[in-house]
Amino acid sequence: MEQLKKEIKTYLHVEEYDKENDIYIGTKSWDYGGPRGMFGGQVAAQTMAAAMLSVEPEYHIHSMHLHFLLGGKREEPIYFHVERTRDGRSFASRTVNAKQDGKIIYTMICSFQKPEDSPTTHQYSMPQVYGPEDKQTYEFFSSLKNEKDKRHFKTNYKEIFGEHKFVSKVAIPVDEKLRDSFKSINLVQKNGNSGTPNIVPPYILYWFKMDEDLSNTTQQLSFLFLGIFSDFWLDDTNAFPYMNGYNEDKIEITMTVSLDHSLWFHRPFRVDDWILFELDSPRLASGRGFLSGRYYSKDGTLLASMTQENLFRTRVLADDAITKFKFIKPPIQNDRSLDKTNLKSKF
């Protein structure tokens, strides 16, 4: 527990405030995201961290469900009030209310489980993409001619809390025919090769990892970092059909803000190893966008899953804008038959 406390204080800036009443404090905010408040990934990770500090370390978090109620103020500390909902032999549950100025700004329910083996297991196969360091990925980037395409597909770096390095890059499908099924190299074209409007489906694939050695840290820290990453690329994915290709400059996004967010952890993993993120938006209606994502290791193991619903308000600027779509499920996902190459695999 002492190592976990130290890691949470060092990497997430959360520490004990009132031990007797299970209150923890977030001492630092990450100046990242939009102007409407704290970045949702920070909110998720710091709230999870407070819950973790209230359970024994042999319990690992397996799910969290977060509701955003008010925008957090970056310049003020957050106080996390933890309720020990239940402690069982295999599972433990916590409810956390995060407060500023005495008001609850978001609330989370999370569940922990002691690791156990299962004789049965299944999963869907990982999308067939080139690895983040395969030569085909570099060749694909080198083949791009348009500067906007190059900016989209280049390797990107961030510093979490301005301190810890994070790297990401767009994943490239093995099948060339599928490369136009997500944010494509035809991004800036109004029309496709057939002359029909070029509409970009709400679907992405990204490789990412922490770009530093975390081999001596706990598994819980990797779970917390994934909590941060789970809020990356969500608004962009909702926006693809309306802000790119044919609809570029024809529709304006007037507001986006997270409403609720859920994350499930299926297997242990390390965030300083490459992880593939597959994300799609199956539905946008009533001003709300629904997103569903999956996280895979390089060997194809499904590590975690996430969902989010966010407020997504728009204004149509042009009479010829196309505003209503029914997409075919992304072709990279369509084949759900048995992958016989994995019959002897353990996930």
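Structure notes:
- Distance cut-off 23 Å, percentage of C-alpha pairs in the stretch 1-113 lying past it: 22
- Close amide H pairs (under 5 Å, H built 1.01 Å from N) link residue 314 with 254, residues at least 5 positions away or on another chain.
- Kirkwood Rh in Å, taken over the stretch 255-333 so that all alpha-carbon pairs contribute: 14.8
- With the charge dipole of the stretch 1-113 set up from +1 on Lys and Arg Cβ and -1 on Asp and Glu Cβ about the Cα centre, the Cα lying farthest toward the positive end among the listed residues 57, 100, 21 is that of 100.
- Convex hull volume per residue in cubic angstrom - Cα atoms of the stretch 213-264: 116
- Electrostatic bookkeeping for residue 296 treats Lys and Arg as +1 and Asp and Glu as -1; over the other residues with beta carbon under 12 Å from its beta carbon, the sum is 0.
- Cross-link pairs beyond the 26 Å C-alpha cut-off, checked among 169/329; 9/165; 165/329; 5/298; 28/298: 165/329; 5/298; 28/298
- Here residue 73 is the anchor, and the aspartates and glutamates within straight C-alpha reach of less than 19 Å, apart from those fewer than 8 places off in the same chain, are 15, 31, 101, 231, 260.
- Peptides 309-318, 117-126 ranked from most to least packed by the mean count of surrounding Cβ atoms within 10 Å: 309-318, 117-126.
Every number in this text was worked out from the coordinates using simple rules, so none of it is lab data. Quick caveat, the model's predicted, so the values are computed rather than measured. Every residue, glycine as well, gets a Cβ built from its backbone with ideal geometry; the counts of neighbours run over all protein chains shown.
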